[in-house]
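S.K.: There's a structure below that I have some questions on.
Since every read-out is calculated from the coordinates, none of them should be taken as a lab result. If you're wondering where the values come from, they're calculated on a predicted model, not measured in any experiment. Ideal geometry is used to build each Cβ from the backbone, glycine not excepted, and the neighbour counts take in all protein chains shown.
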Amino acid sequence: MGRYLTKTLASGGYHAYAGARTDRETAELNVIKNIDAERLDVTIQDLIHAAVAFVKKQDNSLYALVSTAGIGGGPVPPTPIEDQSSLCIE
């Protein structure tokens, strides 16, 4: 869900910061225009501090934060992907 949202925002011309749990995921996101990815696992405090420092040293402002960490860890009501994406952009 987070990757889809990030790619959708980036393809719409928005700049997106992304947190990814692995180096491979970070590298995959960093090749996409309008995305700056940083290694982030919200259960590791040092990675949270590093991600905050990363965003602070960028030239862009942060206008919104969307956290999808933990989604999928339990029952989630079925929502078609089309409905999810329209809620994110409008």
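S.K.: Quick check: Cα centre of segment 8-29 to Cα centre of segment 33-63, how many Å?
M.R.: The two parts, judged by their Cα centres, are 11 Å apart.
S.K.: For the pair Lys56/Val31, report the inter-label distance in nm, with labels modelled 7 Å from Cα in the Cβ direction.
M.R.: Label-label distance for Lys56 and Val31, simple model: 3.2 nm.
S.K.: Quick one: if you stick a label point 7 Å off each Cα along the C-beta vector at Arg3 and Arg24, how many nm between them?
M.R.: Here the modelled spin labels are 1.0 nm apart.
S.K.: Could you give the radius of gyration (one decimal) and Dmax (whole number) of the Cα atoms in segment 2-66, in Å?
M.R.: 11.2, 32
S.K.: Continuing with the same structure: Give the long-range amide H neighbours of Ala37: residues separated by 5 or more places, or on another chain, with amide H under 5 Å away, using H modelled in the peptide plane at 1.01 Å from N.
M.R.: Residues meeting the criterion, in which the H sits 1.01 Å from N, are Ala18, Asn30.
S.K.: Something else about it: Length gain on complete extension for the stretch Ser11 to Asp41, per 0.36 nm per residue less the alpha carbon to alpha carbon distance?
M.R.: Numbers: separation 30, 0.36 × 30 = 10.80 nm, distance 2.47 nm.
Here the answer is 8.3 nm.
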